[in-house]
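The values are calculated or read from the model by the stated rules, or taken from the named source; none is laboratory data. None of these values were measured; they are calculated from a predicted model. With ideal geometry, Cβ positions are generated from the backbone for all residues, glycine too; neighbour counts draw on all protein chains shown.
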């Protein structure tokens, strides 16, 4: 066998190995395969090992996992004539049914590039109708409008827009500095209001405490006055009861002897409630009107003792 024959055999072996290599394909779980035969769509293959006809069939792999693309930062003129730097992210995925996978390859040239350009254009249209303040305060609205527009425009691409996120809306540096100063002033104002409110609350608490204290003192004074009044009423009732008893005694024992009764009362006033004795003649109509508690004890003398007492009083 000469060198030429050896070279021919080697070429045939390489061709056979290449044909064998191209006669099967392996698809990962994250992808699906579109099999094209002689340039025409033939079938869809899922994950795993699949035989194909070398040089006749071609497999186009399509990623069906969620993907992220970034709409590069761009300058957008807002409604109030400010140049804002805007950036956004888009999350999407190719649907895993056969028609959607075919649409992602045959209805759009490159859905990754085109969805980014579509997002940038949509952001310019949305933010151009808003002021810078509105754009910063209405991020959810911008995200929703961007997502709805992308979903509508890409419905024939076989993809599903999962969500969109507005990353940043940066104003010019001089505007940003002014906004920072405004925010700082607003925070200072809020802090001053909070401090004044706290002081007012503290003063109100002290005022309420003073009112409660005054009300307590007033209630205590009322109770004390009520107690004194009740005591005076009870004392007056006691005095009245005592006078009543004296009058009853006077009517019972001192009928016709009012002058003697007044003398006894005068003596009681002069000497108080000490140990005082009243001496009355035996058989006289006077009786002792003082209780033993008043210290008055009646003593009855016989006539001869009374005469002796009178003699002693004369000598004196």
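Residue 155 meets all of the listed conditions (1) touching a strand residue (DSSP E or B) at 6+ places or on another chain (Cβ under 8 Å); (2) at pLDDT 90 or above but one, namely (1). With the structure loaded, tell me whether residue 37 is within 17 Å of residue 94 (Cα to Cα) and in contact with a strand residue (DSSP E or B) (Cβ under 7 Å, 6 or more places away or on another chain) or whether it fails that test. When the stated conditions are applied, residue 37 does not pass them. Checked against (1) under 40 Å from the mean Cα position of the chain (by Cα); (2) within 30 Å of residue 46 (Cα to Cα), residue 109 passes all but a single condition, namely (1).
Which residues, counting only those in the stretch 1-31, are part of a loop (DSSP other than H, G, I, E, B) and surrounded by 10 or more Cβ atoms within 10 Å (Cβ to Cβ)? Listed by number, the residues that qualify are 22, 23, 28, 29, 30.
Within the stretch 28-41, the set of residues being within 55 Å of the chain's Cα centre (by Cα) and either free of Cβ contacts under 8 Å to residues at least 60 places away in the same chain or more than 19 Å from residue 158 (Cα to Cα) (or both) comprises 28, 29, 30, 31. Within the stretch 1-26, residues that are within 20 Å of residue 57 (Cα to Cα) reach partners that are surrounded by fewer than 11 Cβ atoms within 10 Å (Cβ to Cβ) with beta carbons closer than 7 Å, at six or more positions or on different chains, in the pairs 23/51; 24/49; 24/51; 26/49. Identification of strands (runs of 3 or more DSSP E) wholly contained in the stretch 60-173 with 2 or more residues that are crowded, with 20+ Cβ neighbours inside 10 Å and out of contact with any helix residue (DSSP H, G or I) (no Cβ under 8 Å at 6 or more places or on another chain) yields no element.
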